[in-house]
1. Considering only residues that are assigned to a loop (DSSP other than H, G, I, E, B) and open to solvent by less than 10 Å² (accessible area, probe 1.4 Å), which ones fall in region 308-327?
2. Is it the case that residue 105 is open to solvent by less than 20 Å² (accessible area, probe 1.4 Å), among the polar types (S, T, N, Q) and modelled with pLDDT under 70?
3. Specify the residue that is modelled with the highest pLDDT; the eligible residues are those in region 295-324 that are among the hydroxyl-bearing types (Ser, Thr, Tyr) and under 22 Å from the mean Cα position of the chain (by Cα).
4. Just the residues that are open to solvent by 10 Å² or more (accessible area, probe 1.4 Å) and either within 31 Å of the chain's Cα centre (by Cα) or under 18 Å from residue 503 (Cα atoms) (or both), please, taken from region 414-427.
5. Which of the residues that make up region 329-347 are at pLDDT 95 or above and small (Gly, Ala, Ser)?
6. Of the residues 292, 287, which is at pLDDT 85 or above and in a strand (DSSP E or B)?
7. Just to be sure I understand, how many residues within region 219-237 are closer than 11 Å to residue 157 by Cβ, open to solvent by 10 Å² or more (accessible area, probe 1.4 Å) and within 19 Å of the chain's Cα centre (by Cα)?
Amino acid sequence: MTVPNQNYLQRMVAWPLWAKAFALMASDAICLPLCMFTSVVLRLGSFEDALKTALPAQIVLALLAIPVLGAAGLYRSVLRFMDLRVLGSSSAALAVVVLLVYGLSRSFNFDMLPRSSILIFWFIAFAYVVISRYLVRSLLLGAMKRGRAPQVRTAIYGAGAAGVQLANSMNFSAEYKAVCFLDDSRLLVGKTVAGLPVFAPAALEGAAVKLAVDQVVLAIPSASTSQKRKLIAGIANSGLPVKILPGLVDLVSGQVSLSDIREVDVADLLGRDAVPPDPNLFAKNLLGKVVLVTGAGGSIGSELCRQIISQAPAHLILLDHTEFALYSIDQELQKVRKSTRISAVLGSVANAGLLRDLIDEHGIQTIYHAAAYKHVPLVEANIEQGLRNNVFGTLNVAQAALEGGVETCILVSTDKAVRPTNVMGATKRAAELIFQAAARRPGARTCFAMVRFGNVLGSSGSVVPLFKRQISGGGPITITHPDIIRYFMLIPEAAQLVIQAGAMAQGGDVFVLDMGDPVKIADLARSMIRLSGLTERSEANPDGDIAIEFVGLRPGEKLYEELIIGDGAVPSGHPRIMCAQENHLQPAELDAHLSALLASCADGDDAAMTRELRRLVPEYQPEKREQAAVLKDLAIS
């Protein structure tokens, strides 16, 4: 049964600000004269003697505090969000009142009012103002929290400035309740910070049971990516869900708030400490230039556009054949474009005439060719469309760049182009051969280069969004093979490196990005399960939450990807960009292969298309896929 005064307090929460301010003034109008009379009683030591003093004068002088407190902003403050600053405001306002009362008592010769009682009044009134405000604040917060969903009991990892700000914010929250800190500092462990106990990270499991912890928030914005990864892994082993505050550069105001708390992303596990872009390389092909990005609505293309716009090109042209993707990136860039002109062009690289017209009309100086079909099984099942887009679309871009005198033309390639076992990878290797040959055509004024790298986190074809959906749906997580591994890179880092690699190009270069260490996909899935506060269901743990199922390699899929075809790579001058030494075809030889491939497309014969593609890309060995899987299974057994 609801207690009546609780209903009354909940109604008070809904009062308008003017009504709450009026209620506070009414309370002060009663209590401040009482504070003045009490100060006189304490000064004279007798209640009877105090009654003989000028009571009307005491009331009037005490009520002078109300306009002063109002001027100090104490009636405009939202009580639920009052903090320690109310102490300073109250102290200063009441000091002004004491000086005012003292001056008036001297001016009007109030001998019946002991002047030393005025100083006593300051102490009593200060205690009343502060205690009354904090009491009302506690009652209102309690009323707000009643009837709502239970608060999430939170342990904050990091008892530094960010952690303390976060804990203070939770004091005003109906959603979160901070119950303790975790910190590595021996100076803090066992102490109390912001009213909360501090535990060592090793004591997390015991503290979680004792304090009924529901989740852990990592609140160390200054930590590097590698440090965060270690901390997250340690917390996840406790079985508690983990959330995180962003890094210092991502905090909008430098101040921490509850809205900054976010889910731990796989990028926090797989990302690495960023290498700041070289300003000279970054701006070389962009500053004041006319730039075209094909596939501008895709994962890589859209991030390239975001990075490019930061370097103030004169004109950025976005080309994509997906209407909504093009609209989305155009709207995003229009908000931050400053003086850059932006043109969104709906069309395909398969349209050679459109490419020539764009270059002629706008005088394009730099091209980033990111348009491609990249989904391995779909391209495997739609060979002709994969060839027309990935191979002949790239040929159109290269020819238009040559004819239009474009200064720089960069192909965004993939690790699947290395010894491909699928059509998509073979088409991307063919695209590389086209750019390599274009750089060697007689009279070529365009600097062509290719940048090859592996998977990027968060892309449309990444396993990460798929795993998230499967976990939220209760599982199972489906993985093609227990031993499949992939390289991963954050999309912003990949885009920055593509731009810098293009700036180092001499013509015909094949750049390879340092992807870091490969990641076992099964381990990635298990980490995502733990980060969700769940457990893997397996033979060893039949009561777990999410099962992992291995469904077999898909058509064209490899157990592992490579980045280099030839004998090795040489340094480029950038710590995360290498130059690969790759074979190439002479333009005349390439043209003959492409003519035969185009004829097979015209016939619509998948077998002929595959045969001609293998002639163009001899390292394309689709049967190696099955052989590799069989050999791997035999080795495991």
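The values are calculated or read from the model by the stated rules, or taken from the named source; none is laboratory data. Source: prediction; values computed, not measured. In this analysis, Cβ positions are derived from the backbone assuming ideal geometry, glycine residues included, and neighbour counts consider all displayed protein chains. Accessible surface areas use protein heavy atoms only, side chains included; no ligands, DNA or RNA. Shrake-Rupley method; radii C 1.70, N 1.55, O 1.52, S 1.80 Å.
1. Result: 313, single match.
2. So residue 105 passes the test.
3. 302
4. 414, 416
5. 343, 344, 347
6. 292
7. Within region 219-237, residues that are closer than 11 Å to residue 157 by Cβ, open to solvent by 10 Å² or more (accessible area, probe 1.4 Å) and within 19 Å of the chain's Cα centre (by Cα) number 4.
A quick yes/no check of all residues on (1) surrounded by 17 or more Cβ atoms within 10 Å (Cβ to Cβ); (2) assigned to a strand (DSSP E or B); (3) in contact with a Lys or Arg (Cβ under 9 Å, 6 or more places away or on another chain):
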| residue | (1), (2), (3) |
| --- | --- |
| 172 | no, no, yes |
| 179 | yes, yes, yes |
| 184 | no, no, no |
| 190 | no, no, no |
| 202 | no, no, no |
| 205 | no, no, no |
| 210 | no, no, no |
| 213 | yes, no, yes |
| 217 | yes, yes, yes |
